[in-house]
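What follows draws every value from the coordinates through simple rules; no lab data is involved. The structure presented is a predicted model; accordingly, all values stated were derived computationally and were not measured. Cβ sites come from the backbone with ideal geometry, for glycine too, and all protein chains shown count toward neighbours.
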Amino acid sequence: MKTIEAQMISPSSPRYRGVYPVVPTTFTESGELDLESQKRCVDFMIDAGSTGLCILANFSEQFVLSDSEREVLTSTILEHVKGRIPVIVTTTHFGTQVCAQRSKRAQDAGAAMVMVMPPYHGATIRVPEEQIYEFYARLSDAIDIPIMIQDAPVSGTPLSAAFLARMAREIENVAYFKIETPGAASKLRELIRLGGAAIEGPWDGEEAITLLPDLHAGATGAMTGGAFPDGIRQIMDAWTAGDVDAATQAYQHWLPLINYENRQGGILTAKALMKAGGVIASDAPRHPFPSMHPEVRRGLLDTAKRLDPLVLRWTR
């Protein structure tokens, strides 16, 4: 059950809120980790106004990384950040014990939070709610930092607002939720209604394509792609200041680029923009993930140039 101290933390006084973009993993053209580009990528994202960062997520191409590479990236990035901003480490794994071990190592390395999808494998291997509850309960027992449940279609696991709220109320470290499912605003609203003060961090995801309605529903954080946190900050800062009109105008201003990432460039958008701006040496994915089509890249860059994000001029 939640401790008294945990119950005192609420959406009105969360430990973490704001813009926490996903850090892309940088590779060489031949597919090796490029740690120097990785460090420049992190420095750019901090300079661009990120409130915090998230590493090893799906938009970090975590599915092509070995366990040893995950450890290298975690230690390299956390040591390079040096506490400048909080870092969330994604530790998703089907196995409860493996996920708990990953999460404990992330905590020991300095992670502020872990983000974890419910256990799934492939297109068909799922577990019922009882096992999902036990999965997060055992994970909570293994660590002392908050757990963000990533509610994403990629897991293929339905998580009702009622079930998420129950876990928030009953499992000590379950407190944050990244909602990426269709109808995200309605689900966030219901989650907050059912969970009350136990819902410390109701967050928006999916590249900010639903950010404005999610903010209206009560979202306090945004986990987006990593290329233009300066643009997302304009939206979030205005909203936090209570200026809904300014937030709406900022959202409308950045929507063409948000939409291009969400519907066209996808996972490789941040790296394509960082490569174009000289932040990283290569925007190559790791095989067998396909490279971005040249015409998609051209459209992405044309869209970005009209908005002048920091990523295109950070190295000047």
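Which lysines have a Cα lying under 22 Å from the Cα of Lys305, excluding residues fewer than 8 positions away in the same chain?
Of all the lysines, those that pass the test against Lys305 - Cα under 22 Å, at least 8 places apart if same chain - are Lys271, Lys275.
When the Karplus curve 6.51 cos²θ - 1.76 cosθ + 1.60 is applied with θ = phi - 60°, which whole-Hz ³J(HN,Hα) does each residue of the range 122-131 get, with x for Gly and Pro?
x, 8, 10, 7, 9, 10, x, 4, 4, 6
So which residue, out of Ala100, Ala123, Ala272, gets the largest mean-square fluctuation from a GNM of the chain using Cα contacts under 10 Å as springs?
Ala123
Separation of the range 261-291 and the range 170-205 by C-alpha centroid, Å?
Cα centroid of the range 261-291 versus Cα centroid of the range 170-205: 30 Å apart.
I'd like to compare 200-207, 112-119, 79-86, 45-52: which one has the highest average count of other Cβ atoms within 10 Å, and what's the full order after that?
On the way: 200-207: 26.2, 112-119: 24.2, 79-86: 14.5, 45-52: 21.0.
So the peptides 200-207, 112-119, 79-86, 45-52, ranked by packing, come out 200-207, 112-119, 45-52, 79-86.
Counting only DSSP beta bridges with both residues in the chain, tell me the antiparallel percent, nearest 5. Intermediate results must be reported in sequence, preceding the final value.
Details: 3 of 26 bridges.
Of all bridge pairs located within the chain, approximately 10 percent are antiparallel.
Report, in whole Å, the centroid distance computed from the Cα atoms of the range 219-256 and the range 58-131.
That distance is 27 Å.
Round to the nearest 10 and give me the degree value, 0 to 90, for the angle of helix 35-47's Cα axis relative to the longest principal axis of the chain.
On a 0 to 90 degree scale, this one is about 80.
Rank by packing, highest mean first: peptides 135-143, 214-222, with packing defined as the count of other Cβ atoms within 10 Å averaged across residues. Each step should come with its number before you reach the end.
Working: 135-143: 18.6, 214-222: 22.7.
So the order, starting with the most tightly packed, is 214-222, 135-143.
Taking amide H atoms as placed 1.01 Å from N in the peptide plane, list the residues 5 or more away in sequence, or in a different chain, whose amide H sits under 5 Å from that of Val174.
Ile147
Normalised by the number of residues in the chain, what is the relative contact order in percent for Cα pairs under 8 Å and 6+ residues apart? Don't skip to the end; give the middle numbers.
Details: 580 pairs, mean separation 67.5, N = 316.
Computed over the chain, the figure is 21 percent.
What does the extension gain come out to for Ser186 and Asp67, with contour length at 0.36 nm per residue minus their alpha carbon separation?
On the way: separation 119, 0.36 × 119 = 42.84 nm, distance 3.65 nm.
Additional length available on full extension: 39.2 nm.
Just to confirm the number: angle between the C-alpha axis of helix 244-260 and the first principal axis of the chain, 0 to 90 degrees, nearest 10?
The two axes meet at around 70 degrees.
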